[in-house]
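Worksheet for the structure shown next.
The values are calculated or read from the model by the stated rules, or taken from the named source; none is laboratory data. Because the structure is predicted, anything quoted here is derived from the model rather than measured. Quick reminder, even Gly has a Cβ in these numbers, built from the backbone with ideal geometry, and neighbours come from all protein chains shown. Quick note on the areas: whole protein, heavy atoms, side chains included, nothing else; ligands and nucleic acids left out. Shrake-Rupley method; radii C 1.70, N 1.55, O 1.52, S 1.80 Å.
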Amino acid sequence: MKNLLIVSLVLFLFISCKKEVEELPPATQTGAHTFGAKVNGSYWIPQGFGPFPANDILDVLLIGDDARISARNFSSSPNETEFYIHLKNVTAPGTYPLNNNVSHPSSDASYAYYVKRNMTPTDEWITTAVETGEVVVTRIDKANLIISGTFRFTGKTIYGSAPNLSVTEGRFDLKGQ
């Protein structure tokens, strides 16, 4: 009986591991705490693992004129993916280019970073002066810690073996704490 219970629990976890994403969250500007994009043509949103959602899968820090956005997807555990977008000098709505050569992490310039992990990184991509992108901030409300906008970028592999990453139709509407 105990073995049947363990097998049932394991099967439940694996069956409910990955929620198929069929659309991106709506583009809003209310602090709805949403994030999504197409990664190489496939929909991507932050997700926890199975029936156990992760509490910190979507974060935003507004520090001075900088914005730091991170979004994680643990739905295929032990494999996971993560976005990190760092924006410098965000003072008003507008277009912020992602076109600097930086290493991750860096607070020196605006950039976007995407990683695939299986305990340790298996592939990492970052924007550069050649593989660029942009973030269009449509709302920045520092008093209420809300930042909203859209993004797109091409990322260059850090390891040099994987093809470039294409991120399109990105959107976020985040409220900090």
Completion exercise
Taking segment 129-166 and the residues there that are in a loop (DSSP other than H, G, I, E, B) and among the hydrophobic types (A, V, I, L, M, F, W, C), the one that is most open to solvent (accessible area, probe 1.4 Å) would be Val130
Completion exercise
Within segment 115-127, residues buried (at least 20 other Cβ atoms within 10 Å of the Cβ) and more than 15 Å from the chain's Cα centre (by Cα) come out as none
Problem - Index of the failed condition, Ala109 passing every other in (1) at pLDDT below 95; (2) in a strand (DSSP E or B) - result: (2)
Exercise for the section: Could you tell me whether any residue of segment 15-38 is in contact with a His (Cβ under 9 Å, 6 or more places away or on another chain) and at pLDDT below 95? Expected result: no
